[in-house]
Amino acid sequence: MVSVAVFLAGTMVFFAWIAVTVFKDLDHGNEGFTSLKESMNSMFIAGVSDEFVSVFLKSYTAYRYVGILWLIFLVIAHVLLLSLVLDTLCAAYMSYSEQRTEEVAEQRIKGMWKAFTTLVEATGSKNQEVSEKYFFLFLEEISKSPRSVGISPDEAQIMWEAIDRDKSGSIEREEFIGVVGLIQYDFWTTRKDSYIKDYFPNLWNSSGYRKFRAFVDSSEDLELSVITLERAMTLVLLVNLILVVLESYYDLNKWDEPPWMDSLELAFSFVYLGEVSLKLAVYSFAEYWSTISNQFDFFTTMLLLVTAIAERLFASGIATYANMLRLLRLLRVVKNLKNLESVQFMIDTVSKLVAASKDMITLLGVVVFFFCCASVQAFGGDLYENNKNLEGSEYLEKHMLVLNFNDVPCAFGVWFVMLLCEYEPNFPEAVSRTSSVPFSWIMFPVFYVCGVSIVFELVKAFTIEVFMSLKQRWNQMKLKNEGMHGSATEDLGLDMDSFTKAFEERGEVLHYRVQGHPSQMAMVKEAQERMIQGHGHGDTPQHGHGDSPHKHGHGESPPHSHGHGHGETPRHQSKEKHGP
C-alpha cells in the first residue's frame, strides 16, 4: 500500500512539474499553474476529488490540446492509482482482521484448555472432570478480569445447564471448552406471564381468559381465518393510515379539518393504549420490553396519547407541530413490513452493524473531534462575511459561510462535509486567505490522508466485511429453514432447547445476544473443533497459530446473531424452534 501511495504522490508531482513548465509563460488559461506550489495543489485536488473539472476547465477551454495531458493524468492518478491505494488499504485491513480474529479465537481455546488442566490438577479429580462447584468458582474468577464482560450467578447457572449436556454434575474437557463460546453471549431471563397470574389465579385459569391469552399470544403462522391481536391491530393501523392521508390532504389544501377527524385521532390513541394494556395483561413488563418492536410501540403510543390529550385540553402551542407529530403514526405502519424477508434482513443487518462497529466508529469520532478542536483554535473567528480577504473566493461566492470554525459544532460540519466529499478545495483556499498561521491550509490535506483515506475507508471496509458475513449467514439459515437468527444449537454446539424448556417451566423466558464481531462465534467454534481433533482428550496443545491446518476467511465463517428478545423473532422459545 505504501509503494502505491508513494507512486500516486510522485505522479502528482511529476504532472505538476509538466503543467508549470507548459503554462508559466502563457498569458491566459494558466490559472492554478503559474508556480510549482499552485500546480501541485491543483494536481492534488484533481487527483483525489471530483473537482477536477473546475481545476482543468479554463486551461482546456484556452488550449484544447492540453486535454490529452489531463486525460492521461486522470486515468493514471484518479482512476488507477487512487483506486489501488484505497483497495490495497481495504485488502490489508481485511487480511489483518481475519488473521487477528483467528488468533484470538485460537488463543481463547488454548487458554481454556490449559485452564481445564489446571482446575483438574488443583481439585485432584481423577476422572479428568470439573464439578459444578469449581466451575462456578472459575467463572467468578473470570469475571474479575477487566477484559471480561462479567458473568452473573444467573448467567453462570445458564452456562452450566447448557454445557452439562449429560446432566452428570460434572463436565469433561470438550464440554468445558464450550465456555469459550458461551462467554461471547449476554444471557438474561425474564418473567413470562403477567402478575395477574399470581394475584388473580382463578381469573387467569378461567376458560374465557385462556381464550383471551391465546388471542394475544397467537403466532402469525396460523391460518388467515384466525383472528389475533396482531392481525386486528394491522387493520387498525391501515385505517389510521387512511386518516393520516386525509388529514395531510386537508392540510396541503389549507382546508379546515372536520371535528370528527380530531375525535378519531384521540380514539386511535386510546386504541393503541389498549393494545399495550392487553399485552401487559398476558406478559410481564420485562418480557414485553424485551423486544425492540414493543419498545417502539410503547414510546409512540405514550407520545401520541399525551400530545392528543394536551392539544384538546389545553389548546396550547403544541398544535403548531401537529403535522410533524402525525408523521410518527406512519412509523407504526412500518412495523407491518417486518414480515417481509428483505425488511427482516435489513433490520437485522443494521442492528448488528451498529453493534459490531462501535470501535471503528469511535476511532473515526476521535479523529474528527481532534481536527474539530484544532481547527477551532487555529481558524476560529477568521471566516466571516465582511472579511476583505475572502472577496472573490469560491467560499464566499458559493455562500458557504455557515460552514466555519467559530465553534466545535460548526467545525464538525466542515469536517463532515470533507468526509463525504473526500476533499473540498474551497475550505483550504479560504483558510489560506484569512489565517495568520503560516501553512495552516496543510491541515486539510492531512485530514484527507488520515481521516478520509485511512480511517473512513477502514470504516467502509469493515461495514462491507460484516455485511457480507451477515448475508452469507442469512442465506445459510434460509436454506436450512431456520429462524432469522439461526439456531443456538448450531452456533454453540450445545443442546439449548432442553434447558430453555426448564426455564419456561419456572415461568421464565431465556434471551441471549452475541457480543462483538458477528464472525467471532464461528471462529471460536472452528478453533475448538481443530483443537479437539488435533490433540485428543489428554494432551495440552503446544502449537501456535501458524500450525493451524488451514485458514478461514470471513466470507467462509458464518457470523452469529443475537437471539430471542431483540427483533421480530417468536416470543416463546419452547413453542417456536427459532433459537432462544
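Read the figures in this text as sums done on the coordinates, not as results from a lab. Keep in mind it's a predicted model, so treat the numbers as computed, not measured. With ideal geometry, Cβ positions are generated from the backbone for all residues, glycine too; neighbour counts draw on all protein chains shown.
Net charge near Glu424, counting Lys/Arg +1 and Asp/Glu -1 over other residues with Cβ under 11 Å of its Cβ?
-4
So for the pair Val75, Cys373, with labels modelled 7 Å out along Cα→Cβ, what separation do we get in nm?
Between Val75 and Cys373, the label points sit 4.8 nm apart.
For Asp166 and Glu103, what does the FRET efficiency come to when R0 = 41 Å and r is the distance between their Cβ atoms, rounded to the nearest 0.05? Present the calculation step by step, with values, prior to reporting the outcome.
Numbers: r = 32 Å, r/R0 = 0.79.
Computed FRET efficiency for Asp166 and Glu103: 0.80.
Classify segment 2-97 as rounded, prolate or oblate from the Cα gyration tensor: take a ≥ b ≥ c as the square roots of its eigenvalues, call it rounded if a/c is under 1.5, otherwise prolate when a/b beats b/c and oblate if not. Don't skip to the answer; put the middle values down first.
Numbers: a/c = 3.00, a/b = 2.35, b/c = 1.28.
Since a/c reaches 1.5 and a/b is larger than b/c, the shape of segment 2-97 is classed as prolate.
Hey, with R₀ at 56 Å, roughly what FRET efficiency would Val245 and Asn205 work out to, going by the Cβ-Cβ distance, to 0.05? Working shown, then result.
On the way: r = 45 Å, r/R0 = 0.80.
Given R0 = 56 Å and the Cβ-Cβ separation, E is 0.80.
Could you work out how far the C-alpha centroid of segment 10-69 sits from that of segment 84-124, in angstrom?
50
Simple spin-label model, 7 Å along Cα-to-Cβ: Phe270 to Thr362 in nm?
So the label points at Phe270 and Thr362 sit 4.9 nm apart.
Just name one of Asn386, Ile361, Ile454: the one whose Cα is farthest towards the positive end of the charge dipole of segment 355-465 (beta-carbon charges, Lys/Arg +1, Asp/Glu -1).
Looking along the dipole axis, the top candidate is Ile361.
Let's test the formula: R0 of 51 Å, r as the Cβ-Cβ distance of Glu505 and Leu313. What FRET efficiency results, to the nearest 0.05?
Values: r = 48 Å, r/R0 = 0.95.
Computed FRET efficiency for Glu505 and Leu313: 0.60.
Count charges around Asn41 for me, please; just the other residues with Cβ under 14 Å from its Cβ, Lys/Arg as +1, Asp/Glu as -1.
Working: positive: Lys37, Arg433; negative: Glu31, Glu38, Glu51, Glu394, Glu424, Glu429.
Local net charge: -4.
Is the C-alpha gyration tensor of segment 41-107 telling us rounded, prolate or oblate? Criteria: a/c under 1.5 is rounded; beyond that, a/b larger than b/c is prolate, otherwise oblate.
Because a/c hits 1.5 or more and a/b exceeds b/c, segment 41-107 counts as prolate.
About the Cα centre of segment 2-97, how large is the charge dipole given +1 on each Lys and Arg Cβ and -1 on each Asp and Glu Cβ? Please answer in debye to the nearest 20.
In debye, rounded to 20, segment 2-97 gives about 120.
Taking square-rooted eigenvalues a ≥ b ≥ c of the alpha carbon gyration tensor, is segment 349-398 rounded, prolate or oblate, where a/c under 1.5 means rounded and, failing that, a/b exceeding b/c means prolate?
prolate
With respect to the cross-link table entries Lys110/Lys133; Lys167/Lys192; Lys358/Lys398, which display a Cα-Cα separation exceeding 28 Å?
Lys358/Lys398
Only four residue types carry charge here, +1 at the Cβ of Lys and Arg and -1 at the Cβ of Asp and Glu. Report the dipole size of segment 355-465 about the Cα centre in Debye, rounded to the nearest 20.
Roughly 160 debye, rounded to the nearest 20.
Using the charge dipole of segment 2-97 (Lys, Arg: +1 at Cβ; Asp, Glu: -1 at Cβ; taken about the Cα centre), state which of Ser83, Ile18, Trp70 has its Cα farthest towards the positive end.
Toward the positive end, the furthest listed residue is Ile18.
Amide H neighbours of Asp193 under 5 Å, counting only residues 5+ apart in sequence or on other chains, H built in-plane at 1.01 Å?
Those qualifying (amide H under 5 Å, at least 5 residues apart or on another chain) are Ser284.
Can you flag which of Lys37/Lys388; Lys352/Lys501; Lys24/Lys388; Lys352/Lys471 are past 19 Å Cα-Cα?
Beyond 19 Å: Lys37/Lys388; Lys352/Lys501; Lys24/Lys388.
Relative contact order for segment 355-465: what percent, with Cα pairs under 8 Å and sequence separation of 6 or more?
Once normalised by length, the contact order is 34 percent.
When Lys and Arg each count +1 and Asp and Glu each count -1, what net charge do the other residues less than 15 Å away from Cys90, Cβ to Cβ, add up to?
Result for the neighbourhood of Cys90: -3.
Applying a 10 Å radius around every beta-carbon, put 465-472, 397-404, 27-34 in order of their mean neighbour count, most first.
Ranked by mean Cβ neighbours within 10 Å, highest first: 465-472, 27-34, 397-404.
Using +1 at the C-beta of Lys and Arg and -1 at the C-beta of Asp and Glu, which of Phe370, Pro409, Ile464 has the Cα lying farthest in the positive direction of the dipole of segment 355-465?
Phe370
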